[in-house]
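Right, one structure below, let's go through it.
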Amino acid sequence: MRITDTLFIDESELEERHIRASGPGGQHVNKASTAIQLRFDAMASPSLPDAVKARLRRLAGSRMTKDGVIVIEAGNARSQERNRQDARERLATLVERATHAPKPRKASRPSLSSIRKQKAAKAQQGRKKALRQAPKVED
């Protein structure tokens, strides 16, 4: 399965199980196993670099087991083939998102004028509240 121009996942690394779909569909739902459960052992995959595996663990969330196996269930379509394609597309999208390294954050400072404006606003707020106080009694 092709993810990017340089990243491929071998078909032997994917495991598909046919399960019963839930939801509407009448008797067809009760008889046919049209939903697909796609399993991919990402942490043991030789196809993925370590950096992609680390980002994939964070992105997959609850779809990844403690052992590092990504489980994707697709059962929206009535056709088994369409569910298979949907599950593979979702896996490919997830792995493709993990290939992009996040842009590093650059620390920035507020400008001198914005600091002055903020201090002036705080001073104005303080003067406003000071005027609300009762006058002090002098001895």
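Only the coordinates and a few stated rules stand behind these numbers; no lab work does. Predicted model, so just to flag it, every value in this text is computed and none were measured. Quick reminder, even Gly has a Cβ in these numbers, built from the backbone with ideal geometry, and neighbours come from all protein chains shown.
A few remarks follow.
- Under the Karplus curve 6.51 cos²θ - 1.76 cosθ + 1.60, θ = phi - 60°, whole-Hz ³J(HN,Hα) for the stretch 115-127, x wherever Gly or Pro sits: 5, 4, 4, 5, 5, 5, 5, 5, 5, 4, 4, x, 5
- In plain terms, the chain from Lys129 to Ser33 could stretch by 27.5 nm, reckoned as 0.36 nm per residue minus the Cα-Cα distance.
- The helix-based estimate of mean residue ellipticity at 222 nm for the chain, built from -39,500 (n - 2.57) per DSSP H run of four or more residues and divided by its residue count, is -13500 deg cm²/dmol to the nearest 500.
- Cleavage-rule hits (GluC sites (Glu not before Pro)) in the stretch 72-139: DSSP loop, at most 15 neighbouring Cβ within 10 angstrom: Glu138
- Area projected by the alpha carbon convex hull of the stretch 11-99, averaged over all directions, nm²: 5.8
- Residues whose amide H comes within less than 5 Å of that of Thr34, counting only those at least five positions distant or on another chain, are Ala21 (H built at 1.01 Å from N in the peptide plane).
- Listed values for the stretch 3-9 are Karplus-derived 3J(HN,Hα) couplings in whole Hz (6.51 cos²θ - 1.76 cosθ + 1.60, θ = phi - 60°), namely 9, 10, 5, 10, 10, 10, 10, and x replaces Gly and Pro.
- Cβ charges +1 (Lys, Arg) and -1 (Asp, Glu), total dipole of the chain, debye: 1620
- Look at the dipole of the chain built from charges on Cβ: of Ile36, Pro102, Met1, the Cα furthest out on the positive end belongs to Pro102.
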